[in-house]
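Asker: Below is the structure I would like to discuss, written out as structure tokens.
What follows draws every value from the coordinates through simple rules; no lab data is involved. Small disclaimer: the values here were computed from a predicted structure and weren't measured. With ideal geometry, Cβ positions are generated from the backbone for all residues, glycine too; neighbour counts draw on all protein chains shown.
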Amino acid sequence: MSKIVLVTGGNRGLGFSAAKALARSGAVVIIGARGEIAARKAVDVLDEEGLTADWVELDVTNPASVRAAAEIIWNVTADSMCW
């Protein structure tokens, strides 16, 4: 089973570099970003390089945003996890 990794700020800079490296290592990468356009662009760039990633709206300074992102990630990944 692949590791599932959430990279906050994964749409640019060091976060994007980390997301790319983790995707290259075989991890399932979820990019956490405040803006949809930037997040989709980052996912598209990784896709063009043959890497798989998805994104979730996430503002780590907003507790409601963190809870919503956690719920989305849990719901999407729970079926694929082994307990």
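Asker: So for the chain, taking the charge dipole from beta-carbon charges (+1 Lys/Arg, -1 Asp/Glu), which of Leu14, Val60, Ala39 sits furthest toward the positive end?
Answerer: Leu14
Asker: Now a separate question. Defining a contact as two alpha carbons under 8 Å apart and six or more residues distant in sequence, what relative contact order in percent does the stretch 1-42 show?
Answerer: For the stretch 1-42, the relative contact order is 47 percent.
Asker: Under the definition of Cα pairs under 8 Å and six or more residues apart, what whole-number percent is the relative contact order of the chain?
Answerer: Once divided by the residue count of the chain, the mean separation gives 25 percent.
Asker: Near the amide H of Val56, under 5 Å away, which other amide H atoms are found, from residues 5 or more places off or on another chain, if H is placed in the peptide plane?
Answerer: Ile31, Gly32, Ala33
Asker: On to the next question. In Å, the Kirkwood hydrodynamic radius of the chain over pairs of distinct alpha carbons?
Answerer: By the Kirkwood definition, the hydrodynamic radius is 12.7 Å.
Asker: Counting Lys and Arg as +1 and Asp and Glu as -1, each charge on the Cβ, what is the dipole of the stretch 4-80 about the Cα centre in debye, to the nearest 20?
Answerer: I would put it at about 260 debye.
Asker: Rounded to the nearest 500, what is the 222 nm mean residue ellipticity of the chain from helices alone, with -39500 (n - 2.57) per DSSP H run of 4+ residues and division by all residues?
Answerer: After summing the helix terms and dividing by the residues of the chain, the value is -15500 deg cm²/dmol.
Asker: Additional query: Compare Ala27, Ala42, Ala70 in a GNM of the chain, Cα atoms joined below 10 Å, and give the one with the largest fluctuation.
Answerer: Ala70
Asker: Please list 3J(HN,Hα) in residue order for the stretch 26-32, calculated via the Karplus relation 6.51 cos²θ - 1.76 cosθ + 1.60 where θ = phi - 60°; whole Hz, with x for glycine and proline.
Answerer: Once θ is set to phi - 60°, the couplings for the stretch 26-32 become x, 6, 7, 9, 10, 8, x Hz.
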